[in-house]
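K.L.:
First, the structure itself, so that you have it in front of you.
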Amino acid sequence: MKVGLFIPCYVDQFYPQVAIASLELLESAGVDVDYPLKQTCCGQPMANSGYQDYGEGAADLFRKNFSGFDYVVCPSGSCTLHTKDHIYSGKDNEPKVYELCEFLTDVLKIKNLKANFPYKVGIHASCHGLRGLNLAKPSEIMGVEFNKPKQLLEMVNGIELVNLTRKDECCGFGGTFAVFEEAVSVSMGKDRIKDHEEQGVQVITGADMSCLMHLEGILRRENSPVKVMHIAEILNGQVPKTQNQK
Amino acid sequence: MAKYQKPKTRSKMKTTPTHAAAAEAFLKDGERSHWHDDTLWHVRSKRDVAAQKIPEWENLRNNASQIKDYVLSNLDNLLLQFEKNASENGIEVLWAKDADEHNQHVLRILEENQVKNLVKSKSILTEECGLNHFLEDKGYDVVDTDLGERIIQFNKQVPSHIVMPAIHLKKKEIGDIFHEHLGTEAGADDPAYLTEAARQHLRQKFIQAKAAITGVNFGIAETGGFVVCTNEGNADMGTHLADLHIACMGIEKLIPRAADLGVFLRLLARSATGQSITNYTSHFHRPREGKKMYLILVDNGRTDQLGREDFRNSLKCIRCGACMNTCPIYRRSSGFSYGSTVPGPIGSILSPGMDLKKHSTLPFASTLCGSCTDVCPVKINIHEQLYKWRQVITKEGPSQPSKKWAMRFGGNVMSKPKLFDMMGKMARKSLTISPRGFIYNSFNAWGKHRELPEVPKESFKDWYRKNRKQ
Ligand code: SF4
């Protein structure tokens, strides 16, 4: 099983620790994982802004970079979804694309982890992972509950997971929405944070760094003690760093 | 996008406020926007509780979706069948290709029957056609009898929500409106007291009215009958007292058989408000002795939408409003920020088909979170259609040169690994060395209320080269 690690552009540039944690998690599970060095981006920012055609170059490059792999694994639900929907067409000769959490639960079928994380944690359910990839049962859909990121976090020692009032409300990031609809975006982000704060959360985690970047931006501006960490960091045994505030 | 049919640009206005600007204005009053958000979230929560009680909920949604797919694929024949059966029942069926023809039909009926006073129960279609203003300009007394609609009629507003038209108003504001128009005590805002005042006021109007206009929730092809759902019984009160009943129906409101009705009735009220069924579900088949019944079938852009392959199934909508209640953007920006008769997620995929230029910002008023799609009782892929409208608008909508340039530039960088690495390094470097005021200024919408991420000393790629690939 050859796994290609796809690291979204902004994670590569701004959150290398998330990429390192993802890589180490896969390596420690004994996976043959490689990171193609010529990768850039899946083209989602262009496509979601209505310029899908301008993302074609990125998509072609993506297919080239990951040809020959059995799986592409990515620590972002949103980029994974875009890759599945717009870069590949689900044919047999294409690599299968998985978001990191679902790869751990569904393909590797991880049953335990060594990580220790004695903090109160709130899970931010990012929408594309939730509703697009079915990482958990969305609250709108009726049926049996399941939640893959939570399933993994429950294997971490000492962790205390809280219940939110609105367990899967959008944080308002939405790519360029965050900029073009700044007022709504920030208002949504603040409301999300308030829900976590009211439950006494110390760390907000999730499977999409983009949403966490948006929430972190607000938290740091407001000098909040609440930290954000990507789920890969927690599963890989990292602890919260002390961040510089603004 | 083979079947895509170019929408017309109908707006005469040069500039329409963007959704973002209207939303920002609404959000200035933080207390009100939070109240609005909480109120609608409460409705969404009631919907969840109601849906949880139906073990076959997801099957019901599938059934409803498939029935509506069938309707859209056979609309021509079903409409003819419906017309035939309705006519045989004694209903006069009229066709209207657009809003104007619809309004002219209504006017002619009123003139022929010498009616001056009429009552109306809730109909989003007549809002879409601008019927009230059309008739008022001609000297008619048109009274909306749905309580919420009557309130906004007093207040000279349009509905901000398709099921709860006055949801944007607080109790106290309604008290003030009633005080001004109905003479209730100043400052009184007790709902029971206000409702009673409205009831007394509307009784008079019901008695005076010679014609009653209603919308139609479901037209049944097999029987030629139609169904109107209300919570206040105002449609029944109006139609029972008046000599003529004019029902206005969008051509997509059909279902094939009476047996299909149960599927939709079980979904509609639960999705809308969390009730198991609306208080009144009224079935109309034929006029009573000595009375008249008219049914106007309205197109007004619907066949154009049917011809757009990517967007046709927006016509499956049963107007439950659930996508509005669940939409985190609607909840925080209110219905008015959309500037269209049907606001919220469904409005954002219907309206661009009516007037692409006027509504060009609506498909962008979304994070594509997909909650609308999951809540929709007829399984319209709303968020996917928002994405598809974006692709259309950047090609055919108002031009946005700077955005277009930025996206083309971004696409170019992303297709060239070396350029990408270099640009990344430059961006990180400039963020570390620039003074704060240079980064956080009025051109940086991100930074108005948010910090940018801290800049790491190296990218993952750099780290990987050093630590894994030597
Ligand atoms: S699109 Fe679906 S959820 Fe929205 S109003 Fe129509 S039927 Fe209801």
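K.L.:
Could you tell me which of the residues A:175, A:189, A:237 is away from every other protein chain (no Cβ under 11 Å), of a type in the set (Gly, Ala, Ser) and either under 19 Å from the mean Cα position of the chain (by Cα) or surrounded by fewer than 24 Cβ atoms within 10 Å (Cβ to Cβ) (or both)?
P.N.:
A:237
K.L.:
Moving on. Checking the structure you have, find out if any residue of the range B:373-393 is within 8 Å of chain A (Cβ to nearest Cβ), in contact with a His (Cβ under 8 Å, 6 or more places away or on another chain) and buried (at least 19 other Cβ atoms within 10 Å of the Cβ).
P.N.:
yes
K.L.:
For the range B:353-396, which residues satisfy the criterion of being away from the ligand (no atom under 14 Å from the Cβ), of a type in the set (D, E, K, R) and in contact (Cβ under 8 Å) with a residue 60 or more places away in the chain?
P.N.:
Once the filter is applied, which keeps residues that are away from the ligand (no atom under 14 Å from the Cβ), of a type in the set (D, E, K, R) and in contact (Cβ under 8 Å) with a residue 60 or more places away in the chain, the range B:353-396 yields B:355, B:357, B:358, B:388, B:396.
K.L.:
Right, next: Just one of A:240, A:225 is in contact with a strand residue (DSSP E or B) (Cβ under 6 Å, 6 or more places away or on another chain) and not in a helix (DSSP H, G or I); which is it?
P.N.:
After applying the criteria, what remains is A:240.
K.L.:
Has the range A:143-158 got any residue that is within 13 Å of chain B (Cβ to nearest Cβ), closer than 18 Å to residue A:198 by Cα and either among the hydrophobic types (A, V, I, L, M, F, W, C) or without any contact (Cβ under 8 Å) to a residue 12 or more places away in the chain (or both)?
P.N.:
No: the range A:143-158 contains no residue that is within 13 Å of chain B (Cβ to nearest Cβ), closer than 18 Å to residue A:198 by Cα and either among the hydrophobic types (A, V, I, L, M, F, W, C) or without any contact (Cβ under 8 Å) to a residue 12 or more places away in the chain (or both).
K.L.:
Can you name every residue in the range B:335-350 that is in contact with a Gly (Cβ under 8 Å, 6 or more places away or on another chain) and in a loop (DSSP other than H, G, I, E, B)?
P.N.:
Answer for the range B:335-350, where residues must be in contact with a Gly (Cβ under 8 Å, 6 or more places away or on another chain) and in a loop (DSSP other than H, G, I, E, B): B:340, B:341, B:343.
K.L.:
Go through the range B:116-139 and give me each residue that's farther than 22 Å from residue B:317 by Cα, touching a Lys or Arg at 6+ places or on another chain (Cβ under 8 Å) and open to solvent by 20 Å² or more (accessible area, probe 1.4 Å).
P.N.:
B:116, B:117, B:132, B:139
K.L.:
Criterion first (away from chain A (no Cβ under 14 Å), out of contact with any strand residue (DSSP E or B) (no Cβ under 8 Å at 6 or more places or on another chain) and more than 10 Å from the ligand (Cβ to nearest atom)) does residue B:301 satisfy it?
P.N.:
yes
K.L.:
Of all residues in the range A:214-226, how many are within 20 Å of the chain's Cα centre (by Cα) and more than 12 Å from every other protein chain (Cβ to nearest Cβ)?
P.N.:
Summing the residues that are within 20 Å of the chain's Cα centre (by Cα) and more than 12 Å from every other protein chain (Cβ to nearest Cβ) in the range A:214-226 gives 1.
K.L.:
Report the residue count in the range B:57-115 for those that are aromatic (Phe, Trp, Tyr), closer than 22 Å to residue B:285 by Cβ and crowded, with 19+ Cβ neighbours inside 10 Å.
P.N.:
The qualifying residues number 1.
K.L.:
Sort out which residues of the range A:144-159 are part of a loop (DSSP other than H, G, I, E, B), under 13 Å from residue A:111 (Cα atoms) and open to solvent by less than 80 Å² (accessible area, probe 1.4 Å), and write them in order of number.
P.N.:
Matches in the range A:144-159: A:155, A:156.
K.L.:
Going through the range B:394-405 one residue at a time, which ones are more than 8 Å from chain A (Cβ to nearest Cβ) and either at pLDDT below 85 or within 14 Å of residue B:345 (Cα to Cα) (or both)?
P.N.:
Scanning the range B:394-405 gives B:397, B:398, B:399, B:400, B:401, B:402, B:405.
K.L.:
Please determine, by comparing only the residues of the range B:304-325 that are more than 6 Å from the ligand (Cβ to nearest atom) and part of a loop (DSSP other than H, G, I, E, B), which one is farthest from the other protein chains (Cβ to nearest Cβ).
P.N.:
Restricting to residues being more than 6 Å from the ligand (Cβ to nearest atom) and part of a loop (DSSP other than H, G, I, E, B), the top hit is B:307.
K.L.:
I've got another one for you. Tally the residues that are over 21 Å from the mean Cα position of the chain (by Cα) and within 16 Å of the ligand (Cβ to nearest atom), restricting the search to the range B:235-283.
P.N.:
So the answer is 3.
K.L.:
Next up: Taking the range B:443-464 only, how many residues are open to solvent by 40 Å² or more (accessible area, probe 1.4 Å), more than 7 Å from every other protein chain (Cβ to nearest Cβ) and assigned to a helix (DSSP H, G or I)?
P.N.:
Here the count works out to 0.
K.L.:
Still on this structure, I have one more. With the requirement that a residue be within 14 Å of the ligand (Cβ to nearest atom) and over 18 Å from residue A:170 (Cα atoms), what does the range B:331-345 give you?
P.N.:
B:335, B:338, B:340, B:341, B:342, B:343
K.L.:
Sort out which residues of the range B:325-372 are within 12 Å of the chain's Cα centre (by Cα) and among the aromatic types (Phe, Trp, Tyr), and write them in order of number.
P.N.:
B:330, B:336, B:338
K.L.:
Identify, please: which residue in the range A:26-42 is open to solvent by less than 10 Å² (accessible area, probe 1.4 Å) and either touching a His at 6+ places or on another chain (Cβ under 9 Å) or assigned to a helix (DSSP H, G or I) (or both) and is, among those, farthest from the other protein chains (Cβ to nearest Cβ)?
P.N.:
A:26
K.L.:
Return yes or no: is residue B:219 free of Cβ contacts under 8 Å to residues at least 12 places away in the same chain, of a type outside the set (D, E, K, R) and closer than 17 Å to residue B:68 by Cβ?
P.N.:
The answer is no for residue B:219.
K.L.:
Moving to a separate point now. Out of B:240, B:181, B:168, I need the residue that is over 21 Å from residue B:342 (Cβ atoms), in contact (Cβ under 8 Å) with a residue 24 or more places away in the chain and not acidic (Asp, Glu). Which one?
P.N.:
B:181
K.L.:
Assess whether residue A:45 counts as being closer than 26 Å to residue A:178 by Cα, within 7 Å of chain B (Cβ to nearest Cβ) and surrounded by fewer than 21 Cβ atoms within 10 Å (Cβ to Cβ).
P.N.:
no
K.L.:
Looking at the range B:161-177 only, could you name the residues that are out of contact with any His (no Cβ under 9 Å at 6 or more places or on another chain), within 16 Å of the ligand (Cβ to nearest atom) and not aliphatic (A, V, I, L, M)?
P.N.:
B:165
The values are calculated or read from the model by the stated rules, or taken from the named source; none is laboratory data. Computed from a predicted structure; not experimentally measured. Positions of Cβ are backbone-derived with ideal geometry, glycine not excepted, and every protein chain shown enters the neighbour counts. What goes into the accessible areas is simple: the full protein's heavy atoms, side chains included, and nothing from ligands, DNA or RNA. Shrake-Rupley method; radii C 1.70, N 1.55, O 1.52, S 1.80 Å.
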